[in-house]
């Protein structure tokens, strides 16, 4: 591209690249590398990476430390990143991820850096946060609405939330889905599994992810294929104990802990008969997109976010009894499960393309650099009293 059209774009507020964690990091890597390929100067602020390389897939990487304590890790790193950004050449636009980082937006505004804040899901609803944490997230959410030049929502439901609660517009930008058309089965054989011979859960052990309900529902079922549960609980030992208690004595249920080998995870998604998705807080979930991209049938918790992403395709549950029925139905008609997975993959292939996501980020960065901003109409926004 013409270098005269190139922008300097900063990405702040995540663990950075190489991507090794959740949706934010994957988005930064997938979007950032595409923007770099188009000639933009992309700067990603990173913490905790085993790699100390200063370049990754065309992106410049700035490594800065963080306080390794749950409550302040993100904030401490974003604070240092903001200070670093302020004393360097001013970028044309900055993408700040996580509403919790909104207190640093005034500093970027002081430096005249146009900023888009990615709001993520409704973090204050997550059980891992105590009363103070939830109160902070609700405050940071409103502060971010008032301080950002643009607000990014990753699902229609999140966009509707900000429209209803604050009467402000958002940029609705999805995540992309990795499409897996063929994955060797050798890795799952290491775990004693066979293609289409198991059901899969991948989730942190937190109440809003409904792992307990999935395990309880599976245990009550007559399913013969094992349930493989990938995940752990960094913050919720009591909930973990309840899951282990629900699984105890049932040899069909395999709690394998965290899996951080992406090749193995891809194989697990691709060869499962069903992927069982209990997430209820947030918008477009990357784990759900990964299952769809792998062509695996989905059993999902029944909330608008999940129904919208799946376009109604799959089985939905609200109770363990619903889970029981879904597992038994999928096993009774594996061909129908395969067809459901095929439809999900086709939706992922069309509706959740990383190239489209990068296009949206590039367009937003150009508009921010040109002076577009919702700050004038959002700076006095107040939350509606009634619950959404």
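Read the figures in this text as sums done on the coordinates, not as results from a lab. In this text the structure is predicted, and so the values were computed from the model without any measurement. Note: ideal-geometry Cβ built from the backbone for every residue, glycine included; neighbour counts use all protein chains shown.
Distance between the modelled labels on residue 87 and residue 222, one decimal in nanometres: 7.0 nm (7 Å Cα→Cβ projection). Taking the convex hull of the Cα atoms, report for the chain its projected area averaged over all directions, in nm². So the mean shadow area of the Cα hull is 18.8 nm².
With the simple model of a label 7 Å out from the Cα in the direction of the Cβ, residue 72 to residue 245 spans 3.5 nm. When you count the other C-beta atoms within 10 angstrom of each residue and take the mean per peptide, 33-46, 184-197, 160-173 line up highest first as 33-46, 160-173, 184-197.
For the chain, the relative contact order is 18 percent, taking Cα pairs closer than 8 Å that sit 6 or more residues apart in sequence and dividing their mean separation by the residue count. Using only alpha carbons, segment 131-222 has a radius of gyration to Kirkwood radius ratio (Rg to Rh) of 1.14.
Here segment 168-215 and segment 15-40 have alpha carbon centers that stand 20 Å from each other. Based on DSSP H segments of at least four residues, each scored -39500 (n - 2.57), the chain has a per-residue ellipticity at 222 nm of -13000 deg cm²/dmol. Label zone of residue 55 (point 7 Å out along Cα→Cβ, amide N under 20 Å): in segment 67-104 this covers 89. Each DSSP beta bridge with both residues in the chain is either parallel or antiparallel, and the antiparallel ones are about 5%.
The spacing between segment 107-129 and segment 308-350, judged by their C-alpha centroids, is 34 Å. Share of pairwise Cα-Cα distances greater than 14 Å in segment 49-129 is 69 percent (whole percent). Hey, quick one: spin label on residue 63, modelled 7 Å out along Cα-Cβ, who in segment 77-93 has an amide N within reach, i.e. under 19 Å? Within reach of a label on residue 63: 77-82, 84-85.
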